[in-house]
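The values are calculated or read from the model by the stated rules, or taken from the named source; none is laboratory data. Not measured: the values here are computed from a predicted model. Cβ placement follows ideal geometry from the backbone for every residue including glycine, while neighbour counts extend to all protein chains displayed. To get the accessible areas, we keep the full protein, side chains included, count just its heavy atoms, and leave off ligands, DNA and RNA. Shrake-Rupley method; radii C 1.70, N 1.55, O 1.52, S 1.80 Å.
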Amino acid sequence: SVDGSKLFLRYKAGMVEWDGEDAGQVVVSDDTAQHEAARALMWHATHDELTGLLNRSALLQTLRELYDNPEEPAFALILLDVDRFKLFNDAHGPAVGDEVLKALSAQLLRTLGDRADLMRLGEDEFAILLVAPDPQQEARHLTQDIQTLLTQPLTLPAHRFFLDVSMGVALHPGVASSPYALLQAANGAMLDA
C-alpha cells in the first residue's frame with residue numbers, strides 16, 4: 001500500500017465476452033481485513049490473552065506432534081503452579097494478581113531462555129516443555145534455576161512479593177502413552193510436590 005503496510009489481495013481471472021469478442025477479465029479485491037481477522041482468531045485459539053504465552057491447546061497440539069514423531073524425541077513436561085494464588089488474589093485483588101502472573105511469566109522466560117518453551121495453562125498454572133537428549137537431567141537443572149529465581153522478590157511498581165511454586169515433572173519416553181496421560185502424570189507429580 002501507499003503507507004508501506006502489507007496488503008493481502010485476491011485475484012480472480014476468467015474469460016468473458018466483450019462486444020462480441022473473447023476477453024480476459026481480472027478482478028482484484030483487498031482481502032486484508034479477512035486475513036487479519038483469521039490471524040487474530042488463530043492467535044486467540046493458541047495463546048493466553050494475559051501473558052501472550054502459548055496455551056493448553058497449543059501444548060496438547062505440540063505434545064501430539066512429539067508423540068507422532070517417528071524419531072521419538074525425548075522430552076520433559078514440567079507443570080508449575082503458584083502456591084496459594086487464590087488467597088493472594090483475594091487479598092490483593094485480581095488486577096494485582098494479573099500483574100504478578102505477567103511479571104512471573106517474563107521472569108520465567110528470561111530464566112528458561114531458549115532451553116525450553118513456556119506456556120500458561122490456566123489461572124496460575126504454567127507448563128514448561130523441554131526437548132533434550134537427557135530430559136531428566138535438563139529438567140533437574142531447569143527446576144533448580146526456577147527455585148533460585150524464586151528466592152528473589154518479584155518486584156512490581158507498587159509491590160514486592162515472594163512467591164512459592166509447586167512443580168511436577170513427567171518424562172517421555174516413560175509410562176505415559178499419550179499426551180493426556182503425560183499431562184496427568186506431570187499434574188500428579190505437581191500435586192505430590
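Springs join every pair of Cα atoms under 10 Å in this Gaussian network model of the chain, and among 90, 145, 81 the largest mean-square fluctuation is at 90. The residues 49, 138, sorted by heavy-atom accessible surface at 1.4 Å with ligands and nucleic acids left out, run 49, 138 from largest to smallest. Note on residue 102: aspartates and glutamates with a C-alpha under 20 Å away, same-chain residues under 8 apart excluded, are 48, 49, 81, 83, 90, 114, 117, 123, 124, 125, 145, 164. Between the alpha-carbon centres of region 57-71 and region 115-193 there is a gap of 18 Å. A Förster distance of 25 Å, applied to the separation of the beta-carbon atoms of residue 160 and residue 56, puts the FRET efficiency at 0.25. The calculated pair-distance distribution of region 109-193 uses every alpha carbon pair, bins of 5 angstrom beginning at 0, and gives 3, 12, 21, 27, 20, 9, 5, 3, 1, 0 percent. For the chain, the Cα-based Rg and Dmax, in that order, read 23.6, 83 Å. Provide, for q = 0.18, 0.27, 0.29 Å⁻¹, the log10 of I(q)/I(0) from a solvent-free Debye sum over equal Cα point scatterers in region 50-105. For region 50-105, the Cα-only Debye profile gives -0.75, -1.11, -1.18.
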